[in-house]
Each structure stands twice: as C-alpha cells, then as structure tokens.
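Below is one structure, written out as structure tokens; the observations come after it.
The values are calculated or read from the model by the stated rules, or taken from the named source; none is laboratory data. Since this is a predicted model, take the numbers as computed values, not measurements. Here the Cβ positions follow ideal geometry from the backbone for every residue, glycine too, while neighbour counts run over all protein chains shown. When the accessible area is computed, the model is the full protein with side chains, heavy atoms only, and any ligands, DNA or RNA have been set aside. Shrake-Rupley method; radii C 1.70, N 1.55, O 1.52, S 1.80 Å.
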Amino acid sequence: MKKILSVTTFIIFFCSCKKEEKQTLSPEVLEIKNAILKQKELFDAPGIAFGMIKNDTIIYADAHGVRSRDTKEPLTTSSLFHMASVSKPFVATAIVQLMEQGKIDLDEKLTYYLPYFTMADERYKDITIKHMLTHTSGIPDIDNYEWDKPQYDDGAAERYVRSQKVVKLDFAPGDRYSYSNPAFDILCDVISKTSGITFEEYMKKNIFEPIGMKNSTFFKPEVPESLATQPHVLGDSLQIVVSKIYPYNRRHAGSSTLHSNVEDMLLWARVYLNKGSINGKQIYSKESYKLLTSVHSPEDQRKVCLSWFLGKINNSEIYNHSGGDEGYATFFGFMPEYKSAVVMMTNTDKFRATSNAASILKNSIFNDTIRPKAPIHYKLKDHILKSGIEKVREIYYAEKQKTPQNYTFKGGNIDNLGYWLIDRGHLKKALDVFMFNIKLEPKHAGWVDSVGDVYKEMDSIDLAIKWYKKALEMNPDQEFSQKKLNELLGI
C-alpha cells in the first residue's frame, strides 16, 4: 500500500514544479487545479485553498487567490481560515479522548459534569453527552453569534452555559434530530471542567500538537498576522468585499472557531483514514474510531455519527462536515473505502464548498470529468445594478444557450438574487428580478409570494395583499403566504 507523503515534502515538490507545471503535473492534478480556478472565477471567490488525498497519497495541496482583497497578499497552503462548523468533529474527538481516560461517559447526563447548567424546561435534566454530539439534545439553534461583540477571556464558555437558563428545549432529548450549534459550545465547558484546563489549551495539547497541526488553533489571538485571512461578504453593491466583522467569539468556540490550513487539515485527514493513528501516535483508539463513525441518530432521521454526517458518493460512504460563517465557507470529508479525503476552504461565504469539493473528490475517484458550475445569479448580480433588468435577461438567455453551461438555471437562483437586493435596499431592482422569475416560471406560487414580499418592503400593503392572495390561489397549501397575508389583514 502506498504511504502518504508528508505535507512538507509535497509542498516543496509542488512549488518547485510550478514554473513547468504543464510538463510535470499529471493530467488529473491539472484537471483539479483548473476546476478550482474555474470555481474561483464563477463564484468570484477571493481565495480558495484545497487539499486532497487519494489512495493514501496526497495528490493536491495548493492555494489560489488572495488572503484579502484589500491588501492583495497571496494565499499559501499555510494561510489560516476560520473553519466554522468543521470545528465540531474536533470537539467530538476530544470528548472521546476524555471518555477513554474515564473522565466522560457518553450516556451520562450533562448536568453531572456541569451542575450549574439549567434551562427553562425541566426536560433539560435528561440531556446526555451523546445527545449533544448527535444533535438530538433538543437545545435550539441560534442566529446571533455576537461576532460584533467578541469575548476572549477564559470565563466565556461557562458564562455561555449559564446563559441557557432562559432557553426552552425544542423537543424532549433523544426524540429527533435538529442541528444545534449551542450544544457544541456547551461541550467546550464540559471538556474544560473534566480536563482541568481551558478548551483551547486542551485542543492544543491533546490534538494539534500530537498530530503535528502546528498552526491550528481555536483561539483567534494566536493566529499570526502573516498567516491570517480576511472574511469576504456580499456588499451593498453586490460585489464581494472584506467584511467589517470577523467571525470570532470565544462563547462559540466549539461550534465555530477552529482556524486551520491545508497542511494541517491533511494531517487531520490522515488520523481518520488511519483510524486514530499518525506517525506512531494513537490519538484515539480503533474502538473509539468505530464509535465516532457509527450512526447514532434515530433511523428515520439524517445519518448522524458523533458530530460527523454520513453521506454517500456513488454508493460509497463519505464522512463529512461543512462550515459556513460570516465571510467563510469550508468542507472536509473522508472516504475510508478509498483511503481518500478532501478539504476546501474559501474566504467568502458566497461559495458552495460542500458541492464543489465533493464533486472534485467524486470525479477524481470515479474517473469522471469535473464540470464546475455556479448558480446563474452569481453572474447576474454583477449587472442588475449597473445595467438593469434588460441586460440581466440578455445574459441569462445567452448563458443558457452555451454548451457546456457554466451555470445552473433554477428558479430559486433568481429568487435569491431578488432577496439579495431586498436585503441591501434595492427594492425596485428586486421587483424587476422577481417579475422576470415569474415570466420564466409563471406557475410557481413561491415566486409570486416573493413579489408580495418586495411590495411589503415598499410599504405598498394593498399590492402585497394582492400578490399573497394570488400566490394562495395558485397554491392554497402555501402556509408561509397565508401567514404573511393574515399578518397584513390583522387576522
């Protein structure tokens, strides 16, 4: 069996051959690179870092673009990205390590480890550690991470746990699956209290250092300026710009704040492909690997392992997790059957890291041609404000006639463009886009409802009522239209 090349060896080789890559890179590697560059172009991404292991060997590790569009500094494979929810499997791995040490029992109640944890719902006493790791705790998700009010001190995790006292459960623990970021944030405090050190220090000493992930951290102040990337978002003029807010808050470390790079994440891939071992070190046991990758969610729910999601590519299993926060999109997945793994990270949230990374992995393993595509509104956004709806129509039909096509042409793409415009106050342009969408798909009640939404934003209440009613005539079961209509009618 082939051995995995060290990341350092691979990077030196890769960089040394860049000047002559047409002669030295294999057709497969060139196809991967071209696919990434095409994705970067289609999604207008400032930067993309990508790494891939196939058949136990690193075949790709590179970074394209800039760390920030303001500074124009180039990305490297050492550049650190906010990994968002790709953080969660690291939390699960730490919990399992502590289980091996006899400090945590997955079936024990959360309150056993955190006696001060309470909620405004007596059922909280039934929440177990396993419920937390499998999104079956009933703890509701949140929308506001207070990125604009970051906390950095050691007490942030416990304060967050104590803040749950006013929260009610969505359902009884164990009843069903519902994604919960707060569950993983609370687990940070479990790790801290059972290990005797802070969550961030535990991850550094017990995961990053043993694996060799020398630049990875959960603590943003440790990120060197020379390796930092900046988040990019969609600005008021629908152009990708550097975000004014960086997505960091120590209250949400477990769910979101891992910072890592291609080099380190490929080492992380090696650990899972080797069932817990790397360079002669056992990060966790083979029994724990089985536990981490076994499905624990109810049978009729999404297949959830301990933090990992289990999916399939061509009927072969892929364990994976995606991430998305203010200005970042990430994906990590591994396929044990093929000893293969992939990681993709971008410094913009307007990028589909999951589908783009998975497609490269799928096509590389199964010898298909990689055909990168983006939703058509990613191109149309550059023209609606500058040139208007007529130009948008022209470009839409021209792109649709091309072979092969660079874009997907779903009605939801156009609808999303309209809401991007609403969110930024361009209401007349949004109305133009929604009306164009109705012309494209006149029988779709959802697009009719969108017209009602923009009229509501314009304070044209009579017109909003008219369009909501029209949507309901087309689809009487469209509950969201009925709810909005009732609100306007005062019912």
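Pairing each residue of region 186-207 that is open to solvent by 10 Å² or more (accessible area, probe 1.4 Å) with any residue that is of a type in the set (Phe, Trp, Tyr) and not in a helix (DSSP H, G or I), provided the two are 6+ apart or on different chains, yields C-beta distances under 6 Å for Glu200/Phe218; Glu200/Phe219. Going by the conditions given, is Lys402 part of a loop (DSSP other than H, G, I, E, B) and open to solvent by 50 Å² or more (accessible area, probe 1.4 Å)? In short, yes. Selection of region 283-336 for residues being polar (S, T, N, Q), over 18 Å from Ala358 (Cα atoms) and more than 17 Å from the chain's Cα centre (by Cα) yields Ser285, Ser288, Thr293, Ser294, Ser297, Gln301. Residues that are in a loop (DSSP other than H, G, I, E, B), crowded, with 19+ Cβ neighbours inside 10 Å and small (Gly, Ala, Ser) within region 269-314 comprise Gly276, Ser307, listed in sequence order.
Those residues that are surrounded by fewer than 22 Cβ atoms within 10 Å (Cβ to Cβ) and either farther than 14 Å from Asp121 by Cβ or within 17 Å of the chain's Cα centre (by Cα) (or both), I need them from region 169-180; list them, please.
Across region 169-180, the qualifying residues are Gly174, Arg176, Tyr177, Ser178, Tyr179.
For the residues Lys381, Lys362, Lys391, the requirement of being open to solvent by less than 50 Å² (accessible area, probe 1.4 Å), out of contact with any Ser or Thr (no Cβ under 8 Å at 6 or more places or on another chain) and in a helix (DSSP H, G or I) singles out Lys381. Only residues that are touching a residue at least 24 places away in the same chain (Cβ under 8 Å) and either within 24 Å of the chain's Cα centre (by Cα) or at positive phi (or both) were counted in region 124-160, giving 25. If you go through region 311-324 and keep only what is more than 14 Å from Ala341 (Cα to Cα) and out of contact with any strand residue (DSSP E or B) (no Cβ under 6 Å at 6 or more places or on another chain), you end up with Asn314, Asn315, Gly324.
Each row is one residue, and each column tells you yes or no for (1) under 26 Å from Ile384 (Cα atoms); (2) buried (at least 20 other Cβ atoms within 10 Å of the Cβ); (3) modelled with pLDDT of 95 or more.
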site: Gly446; (1), (2), (3): yes, no, yes
site: Ser460; (1), (2), (3): yes, no, yes
site: Tyr468; (1), (2), (3): yes, yes, yes
site: Lys483; (1), (2), (3): no, no, yes
site: Glu487; (1), (2), (3): no, no, yes
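Can you tell me which residue in region 208-221 is farthest from His383 (Cα to Cα), limited to those that are in a helix (DSSP H, G or I) and either under 22 Å from the mean Cα position of the chain (by Cα) or in contact (Cβ under 8 Å) with a residue 12 or more places away in the chain (or both)? Top of the filtered list is Pro210.
Are any residues in region 235-268 touching a helix residue (DSSP H, G or I) at 6+ places or on another chain (Cβ under 9 Å), part of a loop (DSSP other than H, G, I, E, B), closer than 24 Å to Val342 by Cα and of a type outside the set (A, V, I, L, M), and if so, which ones? If the condition is that a residue be touching a helix residue (DSSP H, G or I) at 6+ places or on another chain (Cβ under 9 Å), part of a loop (DSSP other than H, G, I, E, B), closer than 24 Å to Val342 by Cα and of a type outside the set (A, V, I, L, M), then Pro247, Thr257 are the ones that fit.
When residues in region 26-67 are screened for being closer than 18 Å to Ala228 by Cα and within 18 Å of the chain's Cα centre (by Cα), 6 of them pass.
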